[in-house]
1. All but one of (1) exposed (fewer than 14 other Cβ atoms within 10 Å of the Cβ); (2) closer than 25 Å to ASP71 by Cα; (3) of a type outside the set (Ser, Thr, Tyr) hold for GLY266; which doesn't?
2. Among residues belonging to the range 106-139 that are in a loop (DSSP other than H, G, I, E, B) and surrounded by fewer than 18 Cβ atoms within 10 Å (Cβ to Cβ), point out the one that is nearest to the chain's Cα centre (by Cα).
3. Specify the residue that is modelled with the lowest pLDDT; the eligible residues are those in the range 100-129 that are of a type in the set (A, V, I, L, M, F, W, C) and within 30 Å of ARG313 (Cα to Cα).
4. Of ALA63, ALA22, ALA97, ALA67, which residue is surrounded by 17 or more Cβ atoms within 10 Å (Cβ to Cβ), in a loop (DSSP other than H, G, I, E, B) and of a type in the set (A, V, I, L, M, F, W, C)?
5. Are there any helices (runs of 4 or more DSSP H) wholly within the range 254-335 with 1 or more residues that are among the charged types (D, E, K, R), farther than 30 Å from ASP225 by Cβ and at pLDDT below 95, and if so which?
Amino acid sequence: MERIFSGVQPTGSLHLGNYLGAIRNWVRLQDDYECLFCVVDLHAVTVWQDPDVLKANTRHVAAAMLAAGIDPKKNIIFNQSQVPGHAELAWIFNCVARLGWLNRMTQFKEKAGKNKENASVGLYAYPNLMAADILLYKGTHVPVGEDQKQHLELARDIAQKFNNDFGVEYFPIVEPLIFGAATRVMSLRDGTSKMSKSDPSELSRISMTDDADAIAKKIRKAKTDPAALPASPKEFDDRPEAANLMGLYAALSDCEVEDVCKQFGGSEFSTFKQALADLAVEKLGPVQDEMRRLMADPAHVDGVLADGVARARAIAEPVLAEVHDIVGFLRPQGK
């Protein structure tokens, strides 16, 4: 069976964009692929994290995966830092990847901003770690949003160069699984910016821990424009907030945006926002209730992660041993 690797950083509370753009799609993939779903805590520490908060957020992300419907017996759910092969293979890939490749990574420029000289080396090199995450398990497919396609291209380049450098056909050339609608959920305060945990405004995002009142309030306060709702996606030009809110409705109701436009085109935003709030509460409520139940039972979540770590190591360790042999690392045959 083809193998998927995908992950979420445990930085801040998960939001609706994480759920619609990633976790919900993972649930739909688990019957057709062998899946490893990872809480990528090594990626999280490319910027400073409070240690206690990082531990809590790691459980939070794992609980969200379980609450969304990912089966921990059918799939492997684990946290990255507990499988040492991720960091070790990343170092080898640091020696395979070229500086010019990393210099072209647009996300580093966006995340580092004007202060890139003070950014961590980890933030600069983390695309190599992302490649190691996938290739440590010989992943064949990765579900990605449009903003991650560049990093996946780098993983493909690294796999190809490793194979060429050592004259082997060892690492697969991983393929993307791209989900179109709902992979880019935008801010409720700015329809041109992606919904983000780092946005200083809580009103910009719906967190997976928000209760029904908070969800309704944030949708009511979402930025709009003065015109009535468009009757067709062709009218979305220069109306990013309308496009975002109608796209959210389509994603939550599993329908096409065209259908939402037909249903609500010409309506006032106030009417539509109430319908969107009701739908969001209906769809997210069961997931959020299960998340709260799981977060009240940390021993269960930790047990799922521990089991996942053991199963991930069982796959990773033979791969890393073969990489040692290919690269030429001596493994002394002692007692």
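The values are calculated or read from the model by the stated rules, or taken from the named source; none is laboratory data. Remember, it's a predicted structure, so these values are computed and weren't measured experimentally. Don't worry about glycine lacking a Cβ; one is built from the backbone with ideal geometry, like all the others, and counts go over all protein chains shown.
1. (2)
2. Per the criteria, the residue is LYS138.
3. Of the residues in the range 100-129, the ones of a type in the set (A, V, I, L, M, F, W, C) are 101-102, 105, 108, 112, 119, 121, 123, 125, 129.
Filter once more, keeping what is within 30 Å of ARG313 (Cα to Cα): 101-102, 105, 108, 121, 123, 125, 129.
On the way: TRP101: 92, LEU102: 91, MET105: 85, PHE108: 81, VAL121: 92, LEU123: 90, ALA125: 94, LEU129: 97.
Here the residue is PHE108.
4. From the options ALA63, ALA22, ALA97, ALA67, the qualifying one is ALA97.
5. Passing ranges, in order: 269-295.
Quick grid of which residues meet (1) more than 30 Å from TYR33 (Cα to Cα); (2) surrounded by fewer than 17 Cβ atoms within 10 Å (Cβ to Cβ); (3) outside the structural domain of LEU66 (by TED's automatic domain parsing); (4) touching an Asp or Glu at 6+ places or on another chain (Cβ under 7 Å):
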{"site": "LEU152", "(1), (2), (3), (4)": "no, no, no, no"}
{"site": "VAL174", "(1), (2), (3), (4)": "no, no, no, no"}
{"site": "VAL185", "(1), (2), (3), (4)": "no, no, yes, no"}
{"site": "GLY191", "(1), (2), (3), (4)": "yes, no, yes, yes"}
{"site": "SER207", "(1), (2), (3), (4)": "no, no, yes, no"}
{"site": "PRO230", "(1), (2), (3), (4)": "yes, no, yes, no"}
